[in-house]
Amino acid sequence: MRLRFGKHRAVDEGLEVTEERGVRTLHLGSQAIQSAMRVSRPWDLELAYTRAMMGFLMFRSAPQQVLMIGLGGGSLAKFIRRQRPQTHITAVEIDPRVIAAARSHFELPGNDATLNVIEGDGALYVRQHPASADVILLDGFDAGNQVEALATQTFYAACHRALRPGGVLTVNLWGRDRGFAEYFARLERAFDGEVGWISVQNKTNVIVFGFSEPGAADRLDAARPKLEDLSKRWGLDLRSFARDFQWADGAASSPQ
């Protein structure tokens with residue numbers, strides 16, 4: 001896959017990389033942006049929804065083990081690696097072309113002691129690794145649609161089992177997806193109602209958080225006095241995320 005400077009498209013059977021005005025983007029079978037990188041700052045989080053996914057820091061500020069299901073351009077992996085190099089990141093991506101594009105066009109480094117990118121089935125990996133992650137970052141889309149295997153009741157329950165005590169599942173959902181309400185309800189069931197969410201860009205994306213243990217609301221209240229310092233350390237507006245955070249209270253409260 002080639003990429004020239006300026007506006008350009010590099011296409012590989014449904015996988016497309018474009019670059020315009022210093023921002024490189026990844027598309028998978030649709031015009032929807034799967035990942036974006038500002039070429040001058042490749043470690044930053046260019047897209048608002050990826051910054052919101054980092055809202056898990058309000059509940060788990062120093063994770064030791066982060067599991068990513070779906071790699072995209074590797075934005076979250078690069079960001080966490082730069083900001084907290086002692087965190088170990090495992091990223092599972094089923095499409096080898098996505099892994100190749102992340103490394104050739106989005107400056108994702110090779111595997112080492114702190115980053116392990118695995119080509120494989122994320123749903124299977126989660127089932128096989130119970131109690132292995134402090135944080136799971138789930139961002140699974142294909143051709144503009146939620147990957148159904150990564151949104152089933154069984155899979156969300158497996159995510160709950162894969163979390164360590166105090167762990168957090170962070171899921172990127174599209175608010176306008178026809179299956180959104182059902183996906184949200186499945187998350188509520190899998191996490192026994194311990195679910196909250198942040199709306200991004202008028203619910204274009206809804207970032208849903210599932211908690212492995214009760215008491216997440218108390219943890220957020222306890223974290224509020226520390227959010228200013230934590231925001232400066234990570235370069236994120238966590239105080240804004242805390243203000244916008246909403247708690248689920250039964251299926252009727254699911255964001256519409």
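The values are calculated or read from the model by the stated rules, or taken from the named source; none is laboratory data. Since this is a predicted model, take the numbers as computed values, not measurements. Note that each Cβ is placed from the backbone with ideal geometry, even for glycine, and that neighbours are counted across all protein chains shown. Areas reflect the complete protein model, heavy atoms only, side chains present, ligands, DNA and RNA absent. Shrake-Rupley method; radii C 1.70, N 1.55, O 1.52, S 1.80 Å.
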Exercise for review: Go through the residues of the stretch 57-75 one by one and say whether even a single one is at positive phi and touching a residue at least 60 places away in the same chain (Cβ under 8 Å).
Suggested key: yes
Exercise for review: Spot the failing condition for R176; the list is (1) over 22 Å from V66 (Cβ atoms); (2) in a strand (DSSP E or B), and only one is missed.
Suggested key: (2)
Practice item. Kindly check whether there is at least one residue in the stretch 62-84 that is farther than 25 Å from A123 by Cβ and of a type in the set (V, I, T). Key: no
Review point. For the stretch 186-214, how many residues are over 21 Å from Q146 (Cα atoms) and either open to solvent by 30 Å² or more (accessible area, probe 1.4 Å) or of a type in the set (S, T, N, Q) (or both)?
Key: 6
**Study point:** Filter pass, R127 being at pLDDT 95 or above, more than 18 Å from T154 (Cβ to Cβ) and not in a strand (DSSP E or B)
**Key:** no
**Study point:** Residues that are under 23 Å from G166 (Cα atoms) and aliphatic (A, V, I, L, M), drawn from the stretch 110-140
**Key:** L115, A123, L124, V126, A131, A133, V135, I136, L137, L138
Study note, to complete from the structure: Filtering the stretch 215-248 down to residues that are of a type in the set (S, T, N, Q) and in contact (Cβ under 8 Å) with a residue 40 or more places away in the chain yields Q246
Revision key, fill the gap. Only unsatisfied item for K78, checking (1) basic (K, R); (2) surrounded by 20 or more Cβ atoms within 10 Å (Cβ to Cβ); (3) in contact (Cβ under 8 Å) with a residue 40 or more places away in the chain, is (3)
Practice item. Filter the stretch 241-256 down to the residues that are open to solvent by less than 30 Å² (accessible area, probe 1.4 Å) and of a type in the set (G, A, S), then identify the one that is modelled with the highest pLDDT. Key: A242
